[in-house]
Structure formats: structure tokens, C-alpha cells
């Protein structure tokens, strides 16, 4: 699951991990204990729901631990002439002549609706390390297309 993340991403993941391992676990344990006092656990919907919440929380804890321990940590791009993490660029999709402004971000920060494109996506990989004026080919599941980097903002 080796993802490219920033120090800030790691910090947020660690904060969530700490919350889930302490506060959230304690809340779920309390609900589970109260539900267990209601009687027969085999037919106790509240108890079953608390057990499910506990499993979901543990699954999320495992996910967070994996993300934190396997991530490749990168710094924000300092060379403003080359596209990298947190770089913004005005690009043109060559085939349809559409222009857009994209920001290259980590997977955790991606938001395609805002054109915050993951550096691990097909478009992000194609743009990463490139300069203004370059035309890149993007190998997407829907087929190849070309993008011109008009300027780095």
C-alpha cells in the first residue's frame, strides 16, 4: 500500500490513529458494556451494533497503521519550474482544446472535482517532474490522451 504522502498527511493520520485508539475505543467499549447489560447477547441488537462498531474501528486502525508505516514521505515541491507535490499548473487537453488549472497533491488530498489531482493518478504521474511548455501523454484506462503544460502557477 506504499502511498506518497507529505509530513502533514502523516501528522493527520497519526492524530486520527491516536483518537481511534483512545477516545473512540473507550466510547465503543462503554456502549458495548451497557448493551451487554440488556440481556441475551445473541438477540441483542445494541450489543451486535457495538461489536460491529468495534470491528470497523479496528479495521480503520489497521488501515491507518499500514498507511503510516508504508508511506513514502515527500516534501512539497521547492523547485517552482517543475511540477511536483502541491504544484499548480494551467494545462490544456490537446484533443479537445480545454484548459484547466490542476494542483498535484497526495492521494489523501485528491479531489478531482476541484482538480486536485493525485500524484499517483495517471494524469499526476504524467505531469510530475515536467516543465511549462512540455506536452505529455497520459495513459489512462479510457485510452491515451495528450496534455500540454501551459504554465506553472
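The values are calculated or read from the model by the stated rules, or taken from the named source; none is laboratory data. Not measured: the values here are computed from a predicted model. As a convention, Cβ positions derive from the backbone with ideal geometry for all residues, glycine included, and neighbour counts pool all protein chains shown.
Restricting 83, 38, 64 to residues that are free of Cβ contacts under 8 Å to residues at least 60 places away in the same chain, in a loop (DSSP other than H, G, I, E, B) and either buried (at least 16 other Cβ atoms within 10 Å of the Cβ) or out of contact with any strand residue (DSSP E or B) (no Cβ under 9 Å at 6 or more places or on another chain) (or both) narrows the list to 38.
Tell me whether region 70-77 contains one or more residues that are in contact (Cβ under 8 Å) with a residue 40 or more places away in the chain, part of a helix (DSSP H, G or I) and farther than 15 Å from residue 127 by Cα. Yes: one or more hits. On inspection, residue 23 fails the criterion of being loosely packed, with under 14 Cβ neighbours inside 10 Å and part of a strand (DSSP E or B). Of the residues in region 11-19, not one is crowded, with 16+ Cβ neighbours inside 10 Å, touching a strand residue (DSSP E or B) at 6+ places or on another chain (Cβ under 6 Å) and either part of a helix (DSSP H, G or I) or at negative phi (or both).
Applying the condition of being free of Cβ contacts under 8 Å to residues at least 12 places away in the same chain and touching a strand residue (DSSP E or B) at 6+ places or on another chain (Cβ under 6 Å) to region 131-151 and asking which residue is farthest from residue 100 (Cα to Cα) yields 144. Looking across region 108-136 at every residue that is in contact with a helix residue (DSSP H, G or I) (Cβ under 7 Å, 6 or more places away or on another chain) and surrounded by fewer than 19 Cβ atoms within 10 Å (Cβ to Cβ), the one that is farthest from residue 71 (Cα to Cα) is identified as 116.
For residue 117, the conditions (1) outside any loop (DSSP other than H, G, I, E, B); (2) in contact (Cβ under 8 Å) with a residue 24 or more places away in the chain; (3) within 19 Å of the chain's Cα centre (by Cα) are fulfilled apart from (2).
Quick one: is residue 89 farther than 13 Å from residue 6 by Cβ and assigned to a helix (DSSP H, G or I)?
no
Scanning region 47-55 turns up one or more residues that are modelled with pLDDT of 95 or more, farther than 30 Å from residue 151 by Cβ, part of a helix (DSSP H, G or I) and out of contact with any helix residue (DSSP H, G or I) (no Cβ under 6 Å at 6 or more places or on another chain).
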